[in-house]
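Before any comments, here is the structure.
The values are calculated or read from the model by the stated rules, or taken from the named source; none is laboratory data. Bear in mind that the values here come from a model prediction, so they are computed numbers and not experimental data. A quick note on method: Cβ atoms are made from the backbone with ideal geometry, for glycine too, and the neighbour counts reach across all protein chains shown.
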Amino acid sequence: MKVCSRCIILFVILGIHFSCENDEKVKNQKNPNVLFISVDDLNTWLGCLNKFSNTKTPNIDKLAARGVLFSNAHCQAPLCGPSRASIMTGLRPSTTGMYGMTPDEQIRSDNPATKDIIFLPEYYKKNGYHTMGIGKLFHVYAPKGIFDEEGGRVRGFGPHPKKRFVWDGYGTSKERKEKYGRTNTDWGAFPETDSEMPDHQSVNWAIERINKKYDKPFFIGLGFLRPHVPLYVPQKWFDMHPLEGIQVPPYLADDLDDIPSVGLQINDLPMMPTTEWAKKSGEWKKIIQAYLACVSFVDYEIGRLIEALDKSDHADNIIIVLWSDHGYRLGEKGTFAKHGLWETATHVPLMIAGPHIPKGKIINAPVELLSLYPTLLELSGLPSYVRNEGKSLVPIINDKMDKQDAYALTTYGLNNHAVKSNGYRYIRYEDGKEELYDHQTDPNEWTNVANNPKYQKEKTTFKNYLPTINAQWDENSNYKFQPYFVEQKARTNEAK
């Protein structure tokens, strides 16, 4: 068959056109998109981790299976504000002095460590990404201007019923209200529908943006509020977790008898339900049921989000990271709270999926949330940020790092630290008092062996991991909820 010269020219032009168009698409897709998912107060009671107490998290489990699950990840502070400030600045609390809640707009104020820091989403923006954010990402939402599209956040942790269901937020020592403050802690089925929940609305907002086309790579940050207290979600999520199937975690009534005084001061939380109260009142399983209901609700919303992503044009070129800012105790160590340097307060979910990331891989070595910033930059093909104190997890993902020496450091207040390494937890408080737990024989951290000569070698090793810089409290960082931190800030800042 003969082909005319005009047709040949036309085919060549069309070929060049489509080739250029494809080249442009490839160029635009050089850097992967990023979906950055934060879940407030989510502990490790997930199906993909320890499957505790009849937990139901099928969507989070699927996400873990499509990437790398870090089964031994730990926060830099067991409190929302300093943990999130650390992740977003790439700096340790001991470097910044941000041990309490710092208003988003004041993280970069007069603090010499942070006054010119570039926040994680902002770094993406400065490197050509279209950035979007909604929900709780920093302590409240985010500093102004770091996202191209601002979804904001509904204030507080509602919706709330007119009256609390169970707990008044003050606790049993009402004469100490002013000294300790009030919490959102309460539990029960409310409201009627998922659509009334801010997290549902945040997912709708994110899905709208996932379904759009962009001429540059994008970064979407989405911060879920649940399972932060109050533990309110619609009744259908409670129905998924019948009380008769609920397990309570291991508990020892005299567990705190060998804890140093500073540890006891930090754990003095009368505004929170105590485990003894929960046992006597019959509320322990109900609190756990409410927590699991909140987790299942969030899991469903994450499923909606990922399903929309998988149906979009961006499905094959996106990094998905899911993390929680700290753990959450549900009766362990005598209370229901984060607030502590023990395993159940620092242990967090962390998973990363995306192009060129192994599927179904589980890494059991201890890692830090501080590593999120440098890890995401490396996976995204962006230049490293010299100010990052964390180390990229890409080498450990690719089996190019010795896991034997891996460790995670958590800080709670000035010069109180915990080190998780090699099957141990070492805690050192500001007065030099210590705790040490051997997880091989004591996974519940019931027996403090810090004074046992058998473990002196381990203690010496772990001391080397403690920070050499312990900055004074940042002027704008406060934690008035708990008197120990009020007193510590006043005492140490007067002395400087």
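Taking the condition in contact with a His (Cβ under 6 Å, 6 or more places away or on another chain) and outside any helix (DSSP H, G or I), does Leu466 pass? Don't jump to the end; show me each part of the working.
On the way: in contact with a His (Cβ under 6 Å, 6 or more places away or on another chain): yes; outside any helix (DSSP H, G or I): yes.
So Leu466 passes the test.
Taken over region 131-169, the residue count meeting the criterion of being surrounded by fewer than 15 Cβ atoms within 10 Å (Cβ to Cβ), in contact (Cβ under 8 Å) with a residue 60 or more places away in the chain and not in a strand (DSSP E or B) is 3. Of everything in region 77-123 that is over 18 Å from the mean Cα position of the chain (by Cα), more than 19 Å from Trp323 (Cβ to Cβ) and among the hydroxyl-bearing types (Ser, Thr, Tyr), the residue that is surrounded by the fewest Cβ atoms within 10 Å (Cβ to Cβ) is Ser109.
For every residue, the table says whether it meets (1) surrounded by fewer than 15 Cβ atoms within 10 Å (Cβ to Cβ); (2) more than 25 Å from Phe52 (Cβ to Cβ).
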residue	(1), (2)
Gln201	no, yes
Lys213	yes, yes
Gly221	no, yes
Pro227	no, no
Glu244	yes, no
Tyr251	no, no
Asp255	no, no
Gly263	no, no
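Here's a check for you: in region 368-391, which residue that is more than 17 Å from Ser94 (Cα to Cα) and assigned to a helix (DSSP H, G or I) is nearest to the chain's Cα centre (by Cα)? Full working, then the answer.
At the first step, the residues of region 368-391 found to be more than 17 Å from Ser94 (Cα to Cα) are 372-386.
With assigned to a helix (DSSP H, G or I) added as a condition, the list becomes 372-379.
Details: Leu372: 10, Tyr373: 13, Pro374: 16, Thr375: 15, Leu376: 15, Leu377: 18, Glu378: 20, Leu379: 19 Å.
For region 368-391, the residue satisfying everything is Leu372.
Taken together, Gly181, Gly135, Gly169, Gly156 contain a single residue that is touching a Ser or Thr at 6+ places or on another chain (Cβ under 9 Å), modelled with pLDDT under 95 and on the phi > 0 side of the Ramachandran plot, which is Gly169.
Scan Glu458, Glu475 and give me the residue that is in contact (Cβ under 8 Å) with a residue 24 or more places away in the chain and surrounded by 15 or more Cβ atoms within 10 Å (Cβ to Cβ). Break it down into steps so the answer makes sense when it comes.
Numbers: Glu475 fails: surrounded by 15 or more Cβ atoms within 10 Å (Cβ to Cβ).
Of Glu458, Glu475, the one residue that is in contact (Cβ under 8 Å) with a residue 24 or more places away in the chain and surrounded by 15 or more Cβ atoms within 10 Å (Cβ to Cβ) is Glu458.
Surrounded by fewer than 23 Cβ atoms within 10 Å (Cβ to Cβ) and in contact with a helix residue (DSSP H, G or I) (Cβ under 9 Å, 6 or more places away or on another chain): does that describe Leu322? Criteria not met by Leu322. Could you tell me how many of the residues in region 419-465 are within 22 Å of the chain's Cα centre (by Cα), over 21 Å from Leu252 (Cα atoms) and of a type in the set (A, V, I, L, M, F, W, C)? Residues flagged as within 22 Å of the chain's Cα centre (by Cα), over 21 Å from Leu252 (Cα atoms) and of a type in the set (A, V, I, L, M, F, W, C) within region 419-465 amount to 1. Would you confirm whether any residue within region 286-305 is among the basic types (Lys, Arg), surrounded by 23 or more Cβ atoms within 10 Å (Cβ to Cβ) and closer than 30 Å to Tyr479 by Cβ? Taking every residue of region 286-305 in turn, none turns out to be among the basic types (Lys, Arg), surrounded by 23 or more Cβ atoms within 10 Å (Cβ to Cβ) and closer than 30 Å to Tyr479 by Cβ. The criterion of at least 3 residues that are in contact (Cβ under 8 Å) with a residue 60 or more places away in the chain and over 24 Å from the mean Cα position of the chain (by Cα) is met by the following helices (runs of 4 or more DSSP H) wholly inside region 254-360: 261-266. Quick one: would you say Thr441 is at pLDDT 95 or above, surrounded by 13 or more Cβ atoms within 10 Å (Cβ to Cβ) and of a type in the set (S, T, N, Q)? Against the criterion (at pLDDT 95 or above, surrounded by 13 or more Cβ atoms within 10 Å (Cβ to Cβ) and of a type in the set (S, T, N, Q)), Thr441 does not qualify.
The residue of region 1-59 that is surrounded by the fewest Cβ atoms within 10 Å (Cβ to Cβ), among those that are at pLDDT below 90 and assigned to a loop (DSSP other than H, G, I, E, B), is Met1.
Residues that are of a type outside the set (S, T, N, Q), without any contact (Cβ under 8 Å) to a residue 40 or more places away in the chain and crowded, with 16+ Cβ neighbours inside 10 Å do not occur anywhere in region 174-184.
Sort out which residues of region 383-422 are farther than 29 Å from Ala471 by Cα and surrounded by fewer than 19 Cβ atoms within 10 Å (Cβ to Cβ), and write them in order of number. I'd like the intermediate steps shown before the answer.
Start the filter on region 383-422 by keeping residues that are farther than 29 Å from Ala471 by Cα, which leaves 394-404.
Within region 383-422, Pro395, Asn398, Asp399, Lys400, Met401, Asp402, Lys403, Gln404 qualify.
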